Amino acid sequence: MNLADLNKVALAMVTPGKGILAADESSGTIKKRFDAIKVESTEENRRDYREMLFRSTEAMSKYVSGVILYDETIWQNAKDGTPLVKLIEQSGAIPGIKVDEGTQALPQCPGELVTVGLDKLAERLKKYYERGARFAKWRAVIDIGGGTDGRGIPTMTAISVNAHALARYAALCQAAQIVPIVEPEVLMDGDHDIDRCYDVTQRVLNETFQELRVQRVELEGMVLKPNMAISGKKCAKQAPVEEVADKTVRLLKACVPAAVPGIAFLSGGQSDEDATAHLNAMNRIGGLPWKLTFSYGRALQAAPQKAWSGKAENIAAGQRAFTHRARMNALASKGEWETGLEKKVA
């Protein structure tokens, strides 16, 4: 393992004014997205859609530092035969790959999940590296239970096994000269308030970094992809932007060592504008030991998907929508975004 090279890639991934495009939706997830815009989820349509994003020259060269790909996509070629990985490299962005294989029910813990995919991961990472991937992603999913039944969720078991798997994945990545994105996602689906989210996320991050140390993961050669401290979607009282920013920064300062080069947030189901506003408010606080940027999927792609709607004649409109969202989040990664800019669509 060459830590200097890993650190260089990690720092490039969190360059101020740029962020990571999460284009790694599983076949099932992208089918749901395509169903919403009445597009059939064929291999060719998925390829055409992602090619449209990767050929958005302005967005890719100015605002995107890296792209997380799904296994299908990393092996695909554009319509003219150019590997999609090459399109990403030509724009100056770094290709990455999602390597987890989804979730399974966690034994003895009803309603909780564990992420799988460690078997044969070392061999898979070698192939991905040869194809051009320089970073990887593994997502752990932690739910917050609501009501009387879910009071015990998350269990310490769920937090512990997912943190252990994240750290094993990260160690394997670094051994393969690939920067791991460590993604412990505390879901925002419930009716919990921001303080409950804060407490659970604190437990999850503390356990994750404990496991990373135990498994000798070099913190300078990784990127953290956490959720923000935020109210659950069904919570009657939604915390305002400033509270989300203040509490998230306080949480990260308490849990994330300064050796980590950067933090690239997931959007986790927030609206496009909320995800941008929260990131912007955090960067306005300033004086942080790590770079704060975005690693958004839906919050970057919902607008271009709708504009494109599977029609070749809408490619330019899709690219404009993608460029606008990428630019808004790039400004937020420097604390330079304002609501008024949303109206000035490219």
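When the chain is treated as a Gaussian network with alpha carbon springs shorter than 10 Å, the biggest mean-square fluctuation among Thr115, Thr82, Thr201 belongs to Thr82. Span-like helix criteria (full DSSP H runs; alpha carbon extent of at least 27 Å along the helix axis; mean Kyte-Doolittle hydropathy of at least 0.0) are satisfied in the chain by 156-175. Only alpha carbons enter this Debye calculation for region 231-346, each as an equal point scatterer, and the log10 of I(q)/I(0) it gives at q = 0.14, 0.22 Å⁻¹ is -0.62, -1.23. Solvent-accessible area assigned to carbon and sulfur over region 9-77 amounts to 49 percent, based on a 1.4 Å probe.
Taking every C-alpha pair closer than 8 Å and separated by at least 6 residues, the mean separation divided by the residue count of region 1-150 gives a relative contact order of 21 percent. If the Kirkwood radius is taken over C-alpha pairs of the chain, then at 10 °C and 1.306 mPa s the Stokes-Einstein diffusion coefficient equals 79 µm²/s. Distance from the alpha carbon centroid of region 181-251 to that of region 44-96 works out to 29 angstrom. Taking only the alpha-carbon positions of region 23-63 and ignoring solvent, what does the Debye formula give for the base-10 log of I(q)/I(0) at q = 0.17, 0.26, 0.27 Å⁻¹? Per q value, in the given order, log10 I(q)/I(0) is -0.49, -0.88, -0.91. Close Lys pairs in region 1-80, defined as Cα atoms under 30 Å apart and 8 or more places apart or on different chains, number 12.
Roll a 1.4 Å probe over the protein chains and send me the accessible area per residue for the chain in Å².
On the way: 14210 Å² over 346 residues.
I get 41 Å² per residue for this part.
Carbon and sulfur atoms: what percent of the 1.4 Å accessible area of region 189-237 do they account for? Intermediate results must be reported in sequence, preceding the final value.
Numbers: 920 of 2130 Å².
The C+S portion of the solvent-accessible surface of region 189-237 is 43 percent.
Sparsely packed loop sites in region 266-313 (the trypsin sites (Lys or Arg not before Pro) outside DSSP H, G, I, E and B with at most 13 other Cβ atoms within 10 Å) comprise Lys311. Highest GNM mean-square fluctuation, the chain, Cα pairs closer than 10 Å: which of Arg124, Arg325, Arg134? Comparing Arg124, Arg325, Arg134 in the GNM, the peak value goes to Arg124.
Could you look at region 300-339 and say what percent of its accessible area is carbon and sulfur, using a 1.4 Å probe and all protein chains?
On the way: 770 of 1610 Å².
For region 300-339, the apolar C and S fraction of the accessible surface comes to 48 percent.
How would region 95-184 be classified by its alpha-carbon gyration tensor: rounded, prolate or oblate, with rounded meaning a/c under 1.5 and the a/b versus b/c comparison settling the rest? Walk me through the intermediate numbers first.
Working: a/c = 2.98, a/b = 2.72, b/c = 1.10.
Verdict is prolate for region 95-184.
Normalised Debye scattering of region 1-146 at q = 0.09 Å⁻¹ gives log10 I(q)/I(0) of -0.32, counting only Cα atoms as equal scatterers and leaving out solvent.
The values are calculated or read from the model by the stated rules, or taken from the named source; none is laboratory data. This is a predicted model, so every value here is computed, not measured. Because the Cβ atoms are built from the backbone with ideal geometry, glycine has one as well, and the counts that use them run over all protein chains shown. Surface accessibility is based on the protein's heavy atoms, side chains included, excluding ligands, DNA and RNA. Shrake-Rupley method; radii C 1.70, N 1.55, O 1.52, S 1.80 Å.
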